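What follows draws every value from the coordinates through simple rules; no lab data is involved. Everything numeric here is computed off the predicted structure, so don't read it as measured data. In this analysis, Cβ positions are derived from the backbone assuming ideal geometry, glycine residues included, and neighbour counts consider all displayed protein chains.
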Amino acid sequence: MSELKKSIHGEWSSRTAFILAAIGSAVGLGNIWKFPYITGENGGGAFVIVYLLCVALVGIPIMIAETMLGRRGKANPVQTMQVLAQQAAADARWHSVGWAGTAAGLLILSYYSVIAGWATAYVVKAFTGSFF
């Protein structure tokens, strides 16, 4: 068996800190900003039940898979996919999955920046009395 790589990255201070960080990244602005609106428009409690089922059946397994990949590769997404592809004797083009994840993060960051800008502008308008 090959020797395990020691990560140059820090470690979580506790399991609770990791769980809270994972929940915080998964919840996102959409659940805070748009979730109440969609819930009201689509049947209230019935929509919440379907939403929670989708989270349990799709979201949690994906989060667990991402965590397992990160723990095994102990590197950035691109290098992790390269290492895991080499270990599995798979096609070297798997590193493109790492690049796709990185690109998705950048797209999400740009979207959140726009929403944060809107929220900041609304707060300023509220304090200056521009809404009246």
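Tabulated results
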quantity	calculated
For region 109-119, 3J(HN,Hα) per residue [Karplus equation, 6.51 cos²θ - 1.76 cosθ + 1.60, θ = phi - 60°, Hz, x = Gly/Pro]	4, 5, 5, 5, 5, 5, 4, 5, x, 4, 4
Under Karplus coefficients 6.51, -1.76 and 1.60, residue-wise ³J(HN,Hα) of region 38-45 in Hz, glycine/proline x	5, 4, x, 6, 10, x, x, x
For region 26-74: rounded, prolate or oblate by the Cα gyration tensor [a/c cutoff 1.5]	oblate
Label-point separation in nm, Val123 to Val97, each point 7 Å along Cα→Cβ	3.9 nm
Whole-Hz ³J(HN,Hα) from phi, Karplus 6.51 cos²θ - 1.76 cosθ + 1.60, for region 61-66, glycine and proline x	x, 5, 4, 5, 5, 5
